[in-house]
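K.L.:
So that we are looking at the same thing, I have put the structure below in structure tokens.
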Amino acid sequence: MIKQTIGELLEDNVVLDIEGIDRMYLNLYQPMLQTGGGVSTFFREEHRGAKVTSMASMSSMTKSFVRDIHGFAKQEGVDVAPFAQGQNKDEITQAYLGKCEAEEGILYIGKAQEKFRTYRVAKHFNTDTGQSFPWLTRT
């Protein structure tokens, strides 16, 4: 009787070996940004050096990130496919696979609009003086 492990047996007889990433999601969790104080500190002290926390600071980061993704897609010749709510992403992927002739690479970049809670800057007023001041409100 020959003593072999399954691994040893397969090692010399494997015909197909596939390595790849089926799909990749980009998500970020930043604990500091889970509170209004943390958001304010991030924009004013830790990262951006802003004098005040404002929507302009937040918006510019988002727009820059989206612009960079689209720039990468254009440079690499990769489509950016926006997903509609409830749309079957696997069907879209199958359509792209049907047209693809390359053996490897980026098939497409899918763009989903996920719902999430975030902060926005709202105008509040001092009850004694009537003076306005910015306030971070979670949406």
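The numbers here are math on the coordinates, done by the rules we state, and not lab data. Predicted model, so just to flag it, every value in this text is computed and none were measured. Don't worry about glycine lacking a Cβ; one is built from the backbone with ideal geometry, like all the others, and counts go over all protein chains shown.
K.L.:
Once you've got the Cα coordinates, tell me which of LYS74/LYS99; LYS63/LYS99; LYS74/LYS111; LYS51/LYS111; LYS51/LYS123 are over 23 Å apart. Mind showing how you got there, number by number?
P.N.:
Values: LYS74/LYS99 18 Å; LYS63/LYS99 31 Å; LYS74/LYS111 15 Å; LYS51/LYS111 33 Å; LYS51/LYS123 16 Å.
Distance filter (> 23 Å) returns LYS63/LYS99; LYS51/LYS111.
K.L.:
Compute the long axis of helix 89-99 from its Cα atoms, compare it with the longest principal axis of the Cα atoms of the chain, and write down the angle in degrees, 0 to 90, nearest 10.
P.N.:
Once rounded, one gets 50 degrees.
K.L.:
Separate question: Within the chain, which is the longest segment that contains none of the GluC sites (Glu not before Pro) sitting in a DSSP loop with at most 13 other Cβ atoms within 10 Å?
P.N.:
Values: sites that count: GLU19, GLU101, GLU103, GLU104, GLU114.
Result for the longest clean stretch: 20-100.
K.L.:
Moving on. Over the chain, consider all pairs of different Cα atoms and compute the Kirkwood hydrodynamic radius from their mean reciprocal separation; express it in Å, one decimal.
P.N.:
Values: mean 1/r = 0.0496 Å⁻¹.
Here the Kirkwood hydrodynamic radius works out to 20.2 Å.
K.L.:
So, one more: Using a basic spin-label model with each label point 7 Å from the Cα along Cα→Cβ, how many nm lie between ARG48 and THR93?
P.N.:
The two pseudo-label positions are separated by 3.4 nm.
K.L.:
Now for a separate question. Specify which residue in the list SER60, ALA122, ASN13 is farthest towards the positive end of the charge dipole of the chain, using unit charges on the beta carbon of Lys, Arg (+1) and Asp, Glu (-1), about the Cα centre.
P.N.:
Final value for the positive-end residue is ALA122.
K.L.:
Using Cα pairs closer than 8 Å and at least 6 residues apart in sequence, work out the relative contact order for the chain, in percent. Before the final figure, lay out the partial values.
P.N.:
Details: 94 pairs, mean separation 24.2, N = 139.
Taking the mean separation of contacting Cα pairs over the length of the chain, I get 17 percent.
K.L.:
Any idea what angle helix 55-76 forms with the longest principal axis of the chain, computed on alpha-carbon atoms, 0 to 90 degrees, nearest 10?
P.N.:
Taking Cα atoms only, the helix is inclined about 30 degrees.
K.L.:
Further question: Place a +1 charge on the Cβ of each Lys and Arg in the chain and a -1 charge on the Cβ of each Asp and Glu, then give the dipole magnitude about the Cα centre in debye, rounded to the nearest 20. Kindly include the intermediate steps, with their values, before the conclusion.
P.N.:
Details: 16 positive and 18 negative charges, 298 e Å.
For this selection, approximately 1440 debye.
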